[in-house]
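Working notes, beginning with the structure itself.
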Amino acid sequence: MEYSKEAKARADRKTQLLEINKLAAQYFYVQLKSEQGKTAHAYLTGRQLSEETIKAFGLGYSSKYSDDLFRYLRKRGYTEDLIRQAGLINTDEKNGVYDKFWNRVMFPIMDVNNRVIGFGGRVMGDAKPKYLNSPETEIFDKSRNLYGLNRARTSRKPYFLVCEGYMDVIALHQAGFDSAVASLGTSLTEEQARIIARHTERIVISYDADGAGQSAAQRAIDILKKCDLQVKVLRIPGAKDPDEFIKARGAAAFRALIERSEDHNAFRIEQIASK
């Protein structure tokens, strides 16, 4: 009786949004394995991802037909309004209703309970934006979730590797570094740092080697230190990111880099000295 009508409606809606996202993830996965998903599948295997990894992360493909998913979900009985609330469609005067994601490699984003709450989509060519993420919805808050946390939380490693992107997380997990996570298309937030602190006390920041990555590492240090976490920073010589380094040098060489990762103070002094 205490459960008000409004609260029940909200809970029911959240359940439906989770169902829609789960169906969308399954749909994208089937598309990846189909004839029209060949290019996307070749892109992923070209990045040296195994079939096992593709399945484990539920990677998929959004069709080049721009209302394919919408029509599929309508056939399953979901209203246009609910599909829009899930962040899966857009509408404009010229095109009417169309899928938010089309002709992209798809990365389902899961919460700690392995429920699909959103998506990231990557183009395979040079179109912009390179990555497109689900908008904020009732079940998806970028600042309160981390990509890969659903798998990293069961890792036996004594540290979390904090990366910049989906592909880095997936490549690291495939190479045996199953405590890798990434923030979701935004800079690391205090909320994300608090979530990390529930699972580990030690962090190794593994951002891109370029200027933007190093600046992001400096900002992440400040946020992580507020949560009393022990922070180290990884240097990636001769490669732009962990994925590229592992492909070139292998997992053992990357493990050695982690062991040699420097204290955040030493990293900061080097950054200042370089200027």
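The calculated FRET efficiency for the pair residue 269 and residue 26, based on their C-beta separation and a Förster distance of 41 Å, comes to about 0.25. Full extension of the chain segment joining residue 123 with residue 47 gains 26.0 nm, where the gain is 0.36 nm per residue of separation less the Cα-Cα distance.
Close amide H contacts of residue 118 (hydrogens built in the peptide plane, cut-off under 5 Å, sequence separation of 5 or more or a different chain): 109. Counting only Cβ charges, +1 for Lys and Arg and -1 for Asp and Glu, the dipole size of the chain around its Cα centre is about 360 debye. If you take the charge dipole of the stretch 26-141 about its Cα centre, with +1 on Lys and Arg Cβ and -1 on Asp and Glu Cβ, which of 34, 70, 60 is farthest toward its positive end? Ranked along the dipole, the leading option is 34. Taking the DSSP bridge list for the chain and keeping only pairs wholly inside it, about 65 percent are antiparallel. For the listed residue pairs 22/226; 14/130; 22/247; 22/94; 130/247, the alpha carbons are over 25 angstrom apart in 22/226; 14/130; 22/247; 22/94. Rolling a 1.4 Å probe over the protein heavy atoms of the stretch 114-231, with every protein chain left in place, gives an accessible area that is 44 percent carbon and sulfur. For the stretch 210-250, a simple Cβ point-charge model (Lys and Arg +1, Asp and Glu -1, everything else neutral) yields a dipole of about 120 debye relative to the Cα centre.
Residues considered: 76, 13, 47. Largest GNM mean-square fluctuation over the chain, using C-alpha springs under 10 Å, is found at 76. The GNM of the chain, with springs linking C-alpha atoms under 10 angstrom apart, assigns the highest mean-square fluctuation among 57, 28, 101 to 57. Scanning the chain for GluC sites (Glu not before Pro) that sit in a DSSP loop and have at most 11 other Cβ atoms within 10 Å, the longest stretch containing none of them is 94-275.
Here each label is just a point 7 Å from Cα along the line to Cβ, and for residue 81 and residue 201 those points are 5.1 nm apart.
The values are calculated or read from the model by the stated rules, or taken from the named source; none is laboratory data. Predicted model, so just to flag it, every value in this text is computed and none were measured. Cβ: placed from backbone, ideal geometry, glycine included. Neighbour counts: every protein chain shown. Heads up: the accessible areas ignore ligands, DNA and RNA and are worked out on the full protein's heavy atoms, side chains in. Shrake-Rupley method; radii C 1.70, N 1.55, O 1.52, S 1.80 Å.
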